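Read-outs: derived from the displayed coordinates by stated rules, not from any lab. Note that the structure is a prediction, hence the values are computed from the model and not measured. Glycine gets a Cβ as well: all are built from the backbone with ideal geometry, and neighbour counts include every protein chain shown.
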Amino acid sequence: MKRLKFHRNKGNWYGLGFVNPVNDWGDILGGYDLTGAKEFSFYARSNFDKVSATIGFGLIDDDKPYPDTAKKAIDIKLSTKWNKYTIKIKDEDMSCIRSGLVIFSSGGGFQHEIFLDKVVFE
């Protein structure tokens with residue numbers, strides 16, 4: 001996967017979700033069968049230390065006809081150095097993952113950038 005870079009102004013929270021099919025939030029059949037995956041991992045950093053972010057997968061709730069079958073995310077404080085983060089998923093129902101990457105953060109009073117790389121289900 002290409003390296004992702006997120007810019008944000010200094011106010012309010014923001015979020016991003018990569019979904020399949022594109023621009024669909026659970027109304028049409030889609031997603032990926034990732035049965036057998038045991039981990040979701042990624043590398044992340046920020047241009048400042050202590051930037052808070054929530055990063056994971058699964059966003060579409062079961063109030064939609066076609067939800068994500070699993071959702072997992074971790075809250076992290078990013079540093080300026082690349083760190084690898086891993087979420088164990090071996091006991092999750094990975095049969096239909098529609099939003100394979102989600103990220104939430106907030107400006108926290110200052111403008112910042114978040115970088116992600118090597119986002120994988122293994």
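Summary table below
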quantity: Alpha carbon convex hull of the chain, projected area averaged over orientations, nm²; calculated: 7.3 nm²
quantity: FRET efficiency for ASN20 and ILE74, using Cβ-Cβ distance with R0 set to 25 Å, rounded to 0.05; calculated: 0.70
quantity: Rounded Å value of the spacing that divides the Cα centres of segment 33-49 and segment 75-122; calculated: 5 Å
quantity: Footprinting exposure proxy for GLU122, GLU92, GLU113 (fewest neighbouring C-beta atoms within 10 Å first); calculated: GLU122, GLU113, GLU92
quantity: Dipole in debye (nearest 20) - segment 62-122, about Cα centre, beta carbon charges: Lys, Arg +1; Asp, Glu -1; calculated: 260 debye
quantity: Among TYR85, PHE121, GLY26 the positive-end extreme of the charge dipole of the chain (Cβ point charges); calculated: TYR85
quantity: Residues ILE114, ILE76, ILE28, sorted so that the one with the fewest Cβ neighbours within 10 Å comes first; calculated: ILE28, ILE76, ILE114
quantity: Charge dipole magnitude, Cβ of K and R +1, D and E -1 - the chain, Cα centre, debye nearest 20; calculated: 820 debye
